[in-house]
Amino acid sequence: MKICVGLSGGVDSSVAALLLKRQGYDVFGLFMQNWHDASTTLHGECEWEEDRFVAEMVARKIGIPFYFVDLSKEYRQKVVDYMFAEYAAGRTPNPDVLCNREIKFAAFWETAKKLGADYVATGHYCRKDTLKDENGQEVMVPKTWGDGGMTPVYRIFEGSDPNKDQSYFLCQLTQEQLSTALFPIGDICKPEVRRLAAEADLPSADKKDSQGICFVGKVDLPTFLKQKLEAKEGDVVEVYPAFYEQSSQYQEIAEILRSISIDGTEADMISSYISETKGAGSEGVCRWDMEKVAGLSDDQLDCLSREIDYSSIHFETETYRSGRKHVKKTRYKENPFAKIVGRHDGAHFYTIGQRKGLNIGGHSGSICVISTDIENNIIYVGQGHRHPGLSRSCLRIPIEDLHWIRPDLELQAGDMCRMRVRIRYRQPLQNATLLMRKSALYILFDSPQRGITPGQFAVWYADDDEMIGSGVI
């Protein structure tokens, strides 16, 4: 069996190659270049050149053949252009998810096959196996790709290292892609990976983990996006908590949540989230009456999942005299619900939950983006991680944006089930109820979620840590 390892120059893929070689497989390394423009990286240098050099040294040290492929054209078309389009539409994409679906396990795999590979292995921290029956035999189903025949049902799980699990980034892979994918380090922890690399004296043993956009590197995102997206100055509006007390939309959401709570009391609508390592995890008791949840109408679910509308906030001006010469000036009248607190250079450069780059002072707590209005080029912000505008209890995924890693477990209209869900990488899994309707899947969380962001991927897992499906929020 011939295995192609995607050697990136990092320690994870290096150890993946090392382990496969020690297990006696016919292994070769393949490095892919996906980006040429060094002017957009913070380091201002071609990081891929150093990565390729290290990857080639690793292959030489392990004693495996080494190859190189330039996939920059495919990467720009499938990943970078997608990024620009999503940001222009006011959504926040996840290029790493697309890179895995469209490049590593698609274009890269096609190159590996031409070099004789039967499988492609990567350094992802996740686990893969096949579905088995009560007798321990593989469950076989008709193959939906290639020349037909039968195939096992492939399953993908969280990695054994809870601090490095990368299953989230593989949430769009298909059964066909999983059939030829291997993850040699998925059942070991990062410190052990480092130890194995050092023990084998691999050149990547002490190499820092890569950061930033997959295969591009660490970038200043607004500068990167300005390659294609035009800067356009607009207002930053701070929304006060008083706004939600008079918002009919917010009050309707509160009433719907109260109506499905177990004891009929007012539901908490603000997340306890502080950071990815603090705040609400998957623990806790469900506060919803499942019979009442099942009875929710599509209109009620739409109301729960819809972003708060701030278009009703307007500012009136007034004139006044200033200084000894009584110069006539104009200012905004005081608004009890909001205030213009700054300017920005384009609403499409910002994302929900963002704190950095706002340049707004004079507040005791941190300022976060709670909404962006691309059409009118307005950013809405709020103070503190417990600001009402940062939390939601429900999200909606259109039917066309759903992906089932396990097609045999796909929900049908009217189905409802319990799952554990994350809405971003490294977030602790959250208990939730999935409700399938004709036009969309709704995910109702047991606890309010901070920073539900359009364009990101929601991913759901079974209780045994198996990743079942995903969709674009």
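The values are calculated or read from the model by the stated rules, or taken from the named source; none is laboratory data. What you are looking at is a predicted structure, and each value in this text was computed from that prediction instead of being measured. Reconstructed Cβ throughout: ideal geometry from the backbone, glycine too, with neighbour counts over all protein chains shown. All accessible areas refer to the heavy atoms of the entire protein, side chains included, with ligands and DNA or RNA removed. Shrake-Rupley method; radii C 1.70, N 1.55, O 1.52, S 1.80 Å.
Site pair Val141 and Asp201 shows an inter-label distance of 4.9 nm when each label is modelled 7 Å from Cα along Cα→Cβ. Helix 190-199 axis versus longest C-alpha principal axis of the chain: approximately 40°, rounded to the nearest ten. On a per residue basis, the chain carries 47 Å² of accessible surface, using protein heavy atoms and a 1.4 Å probe.
Nearest 500 deg cm²/dmol is fine: what mean residue ellipticity at 222 nm does the chain get from its DSSP H runs of n ≥ 4 alone, each adding -39,500 (n - 2.57), divided by its residue count?
Values: 13 runs with 103 residues, N = 473.
Taking each H run of at least 4 residues, the total per residue is -6000 deg cm²/dmol.
Multiplying the residue separation of Lys232 and Glu134 by 0.36 nm and subtracting their alpha-carbon distance yields 29.2 nm. Look at the dipole of the chain built from charges on Cβ: of Ala107, Gln172, Ile313, the Cα furthest out on the positive end belongs to Ile313. When you work out D = kT/(6 pi eta Rh) for the chain at 4 °C and 1.567 mPa s, using the Kirkwood radius from C-alpha pairs as Rh and the Stokes-Einstein form, the result is 53 µm²/s.
Evaluate the charge dipole of segment 270-407 about its Cα centre and quote only its size in Debye, nearest 20, assuming +1 on the Cβ of each Lys and Arg and -1 on the Cβ of each Asp and Glu. All intermediate terms of the calculation are to be shown ahead of the outcome.
Details: 19 positive and 17 negative charges, 263 e Å.
That gives a dipole near 1260 debye.
Full extension of the chain between Asp302 and Thr265 yields a length gain of 11.2 nm, computed as 0.36 nm times the residue separation minus the alpha carbon distance.
Could you give the length gained on full extension between Glu400 and Asp463, defined as 0.36 nm per residue of separation minus the Cα-Cα distance, in nm? Walk me through the numbers on the way to the answer.
Values: separation 63, 0.36 × 63 = 22.68 nm, distance 2.58 nm.
That works out to 20.1 nm of additional length.
The local environment of Thr130, defined by Cβ-Cβ distances under 10 Å, has a net charge of +1 under the rule Lys, Arg +1 and Asp, Glu -1. In straight-distance terms, cross-link reach from Lys190 covers every one of the lysines whose alpha-carbon lies under 27 Å from its own, apart from those fewer than eight places away in the same chain; here that gives Lys2, Lys21, Lys61, Lys104, Lys128, Lys164, Lys207, Lys208, Lys218, Lys278. When the Cα convex hull of segment 42-150 is projected onto planes of every orientation, the mean area is 11.5 nm².
Distance from a point 7 Å along Cα→Cβ of Ala294 to each backbone N in segment 388-429: keep the residues under 16 Å and list them by number. The answer is 412-419. Where in segment 46-89 does the amide nitrogen come within less than 16 Å of the point 7 Å from the Cα of Lys114, taken along Cα to Cβ? The answer is 67-75, whose backbone nitrogens lie closer than 16 Å to the label point. Across every direction, the projection of the convex hull enclosing the Cα atoms of segment 310-385 has a mean area of 6.5 nm². Magnitude of the charge dipole for the chain, about its Cα centre and with charges confined to Cβ atoms of Lys, Arg (+1) and Asp, Glu (-1), is about 1560 debye.
Roughly how far apart, in whole Å, are the Cα centres of segment 125-140 and segment 388-410? With segment 125-140 and segment 388-410 each reduced to a Cα centre, they are spaced 26 Å. A convex hull fitted to the Cα coordinates of segment 265-421 yields 201 cubic angstrom per residue.
Placing unit charges on the Cβ atoms of the charged side chains and taking the dipole of the chain about its Cα centre, the candidate lying farthest along the positive direction among Ser72, Val58, Gly342 is Gly342. In the chain, taking the dipole from charged Cβ atoms about the Cα centre, the farthest positive-side position among Ser210, Val381, Ile452 is held by Val381.
Relative to the dominant Cα principal axis of the chain, helix 248-260 is inclined by about 60°. Counting protein heavy atoms only, the chain has 47 percent of its accessible area on carbon and sulfur, 1.4 angstrom probe. Taking a straight line from the alpha carbon of Lys339, these aspartates and glutamates sit under 13 Å away, with near neighbours fewer than eight places off in the same chain left out: Asp235, Glu238, Glu316. To the nearest ten degrees, helix 47-62 and the longest principal axis of the Cα atoms of the chain are 30 degrees apart.
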